[in-house]
Amino acid sequence: MLLMILFTLVSAGILGYAIWPAARDSWKNGQSASTPADAGPASASEPESVEGVLVGQLAAGGISRRQYIRAMERVAARDDKRHPVVVPPETGSGA
């Protein structure tokens with residue numbers, strides 16, 4: 001019975017070590033798991049979309065709220081032109 005409990009605990013530890021690579025990497029570097037290695041403003045990733053860039057500019061004070069709204073309207077209009085919503089015809093109507 002004790003052997004089975006030890007085997008289960010060791011297996012759970014190995015599985016946990018394999019599943020959480022961020023914790024594993026921080027253990028290798030001698031840091032605690034709660035403090036990331038590259039914490040700070042340099043670790044922020046660049047936005048991948050126009051909307052993300054606009055939100056970043058709005059948060060940084062680069063554009064006003066009105067400019068943000070106008071830009072989002074243009075993004076929505078462009079998106080509507082590129083990918084229009086097409087409603088399929090009704091099938092099986094009684095008429």
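The values are calculated or read from the model by the stated rules, or taken from the named source; none is laboratory data. These figures come from a predicted structure and were not determined experimentally. We place every Cβ from the backbone using ideal geometry, glycine too, and count neighbours over all the protein chains shown.
One table, with the values for the structure above:
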item	result
Any hit, the range 33-55, residues being modelled with pLDDT of 90 or more, assigned to a helix (DSSP H, G or I) and touching a Leu at 6+ places or on another chain (Cβ under 9 Å)	no
The range 75-86 residues that are closer than 12 Å to Val50 by Cβ, paired with ones that are among the acidic types (Asp, Glu) (beta carbon under 9 Å, 6 or more apart)	Val75/Glu51
Leading residue by the ranking (surrounded by the fewest Cβ atoms within 10 Å (Cβ to Cβ)) among those in the range 58-95 that are over 18 Å from Pro47 (Cβ atoms) and of a type in the set (Asp, Glu)	Glu90
Counted residues, the range 64-91 - those being under 24 Å from the mean Cα position of the chain (by Cα) and not in a helix (DSSP H, G or I)	1
